[in-house]
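**Q** To start, I am sharing the structure in question, which I have written as structure tokens.
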Amino acid sequence: MQFIDLQAQRVRIEEKINKAVKDAIEGGAYIMGPQLREFEAQLAEFGQACHAIGCANGTDALALPLMAWGIGEGDAVFCPSFTFCATGEVAPWVGATPIFVDIDPATYNLDPVQLEKTILAVQEQGKLVPKVVIAVDLFGQPANYPEIKSICDRYDLKLIADSAQGFGCTLNGKHPVHWADVATTSFFPAKPLGCYGDGGAVLTGDEELVEVIRSIQVHGKGKDKYDNVRIGLNSRLDTLQAAILIEKLAIFADEIEKRNEIAARYNKGLRSNKVSVPHVIEGGISSWAQYTIEHPDRNGLQAHLKEKDIPTAIYYPIPLHRQTAYKDFPAPLSMQVSEEKASSVISLPMHPYLDRKSQDKIIDAVTSFN
Ligand SMILES: *Cc1c(COP(=O)(O)O)cnc(C)c1O
């Protein structure tokens with residue numbers, strides 16, 4: 001049994017992928033080829049955004065808008081501590097300071113009440129200027145965008161939806177970019193919409209921002225290719241990966257449905273007085289990058305499942321504010337929920353091609369552990 005079975009998906013669309021790869025290689029436009037433009041248009045449509053911009057990975061996708069907005073020294077970028085490090089990493093890249101905020105215990109996502117308190121604490125200190133909030137759709141489920149957005153409006157902050165794990169998730173039928181200035185995603189192979197290498201994208205409705213990001217991602221190019229008008233970087237999505245992603249996007253909605261069916265079965269079979277199953281925000285549909293439960297003896301459960309050949313993973317064992325590289329950015333308020341979750345969460349196998357027999361085996365193995 002595999003934690004995420006990428007080969008099952010490849011086999012499903014093998015012929016289409018092979019043809020797409022062959023066409024892209026024969027086409028010869030390896031950088032910024034027509035498949036990239038086609039994929040960007042399809043991705044924007046899927047994510048309900050006016051524009052999508054392919055880039056090199058999901059981390060660059062977060063950094064590009066920060067660079068475009070001129071975020072830098074003296075600026076505060078608020079983000080959850082219970083997330084993959086890339087969310088917090090991009091603030092120091094541009095010279096800004098990541099300010100960690102605790103999470104909602106039910107959803108693992110940014111707690112709006114804590115967010116506002118943290119913004120006020122930073123304002124009170126008077127050393128940094130609040131500028132940006134990065135909300136994360138952790139494990140695939142949408143953050144509380146209506147509340148986070150109204151806080152951003154109140155304090156005049158930009159909002160980024162880090163949807164690297166959550167691309168495809170919705171809240172009341174709307175994708176995160178409905179509320180966020182920018183939504184980002186990652187095409188790292190294990191993400192819900194992954195390619196066969198590294199890749200990422202920025203989605204936005206802001207046309208001016210698109211122009212600046214398209215310049216930054218190609219070394220700050222101006223109208224003339226050899227007149228660079230700003231300091232940029234090299235962050236493009238390969239034509240080959242775009243060609244692969246076109247085929248994967250075509251089955252993505254179906255895959256999200258399959259993930260939701262599996263999650264519903266897991267929920268039903270696993271809920272007990274020891275095991276707490278995921279709680280998706282009301283009106284939300286998760287893209288289930290991970291199916292994460294909590295157990296008081298998480299490590300014991302992991303060993304028990306390993307014995308039965310069931311792979312698991314711990315996302316995340318150490319919240320960012322506790323990690324060596326982030327010690328210089330102490331969280332202003334309590335991170336109690338993030339710390340508790342780090343010691344009790346465990347993620348079970350989750351992918352659209354997990355058959356019923358395997359699901360039942362996993363459910364039996366978890367429920368047989370006391
Ligand atoms: C994977 C991930 C990223 C970064 O994506 P890469 O493509 O690996 O750079 C950013 N944020 C979150 C929450 C992620 O899970």
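**Q** Please verify whether residue 29 is surrounded by fewer than 20 Cβ atoms within 10 Å (Cβ to Cβ) and assigned to a helix (DSSP H, G or I), treating the condition exactly as stated.
**A** Here the answer is no, as residue 29 does not meet what is asked.
**Q** Specify the residue that is surrounded by the fewest Cβ atoms within 10 Å (Cβ to Cβ); the eligible residues are those in the stretch 125-159 that are assigned to a helix (DSSP H, G or I) and at positive phi.
**A** So, considering only residues that are assigned to a helix (DSSP H, G or I) and at positive phi, the one surrounded by the fewest Cβ atoms within 10 Å (Cβ to Cβ) is 139.
**Q** Confirm whether residue 161 is under 22 Å from residue 210 (Cα atoms), under 17 Å from the mean Cα position of the chain (by Cα), within 12 Å of the ligand (Cβ to nearest atom) and at pLDDT 95 or above.
**A** Spelling it out, residue 161 is indeed under 22 Å from residue 210 (Cα atoms), under 17 Å from the mean Cα position of the chain (by Cα), within 12 Å of the ligand (Cβ to nearest atom) and at pLDDT 95 or above.
**Q** A further question on this structure: Mind listing whichever residues of the stretch 78-97 are closer than 13 Å to residue 330 by Cα and either surrounded by 24 or more Cβ atoms within 10 Å (Cβ to Cβ) or within 13 Å of the ligand (Cβ to nearest atom) (or both)?
**A** Listed by number, the residues that qualify are 78, 79, 80, 81, 88.
**Q** Which one is nearest to residue 255 (Cα to Cα), of the residues in the stretch 166-220 that are of a type in the set (D, E, K, R) and more than 12 Å from the ligand (Cβ to nearest atom)?
**A** My answer is 174.
**Q** Quick one: in the stretch 102-116, which of the residues that are of a type in the set (S, T, N, Q) and in a loop (DSSP other than H, G, I, E, B) is nearest to residue 278 (Cα to Cα)?
**A** 107
**Q** Which condition number does residue 327 fail, the rest of (1) modelled with pLDDT of 95 or more; (2) surrounded by fewer than 16 Cβ atoms within 10 Å (Cβ to Cβ); (3) over 22 Å from the mean Cα position of the chain (by Cα) being met?
**A** Checking residue 327 against (1) modelled with pLDDT of 95 or more; (2) surrounded by fewer than 16 Cβ atoms within 10 Å (Cβ to Cβ); (3) over 22 Å from the mean Cα position of the chain (by Cα), the one that fails is (1).
The values are calculated or read from the model by the stated rules, or taken from the named source; none is laboratory data. This is a predicted model, so every value here is computed, not measured. All Cβ positions, glycine included, derive from the backbone under ideal geometry; neighbour counts span all protein chains shown.
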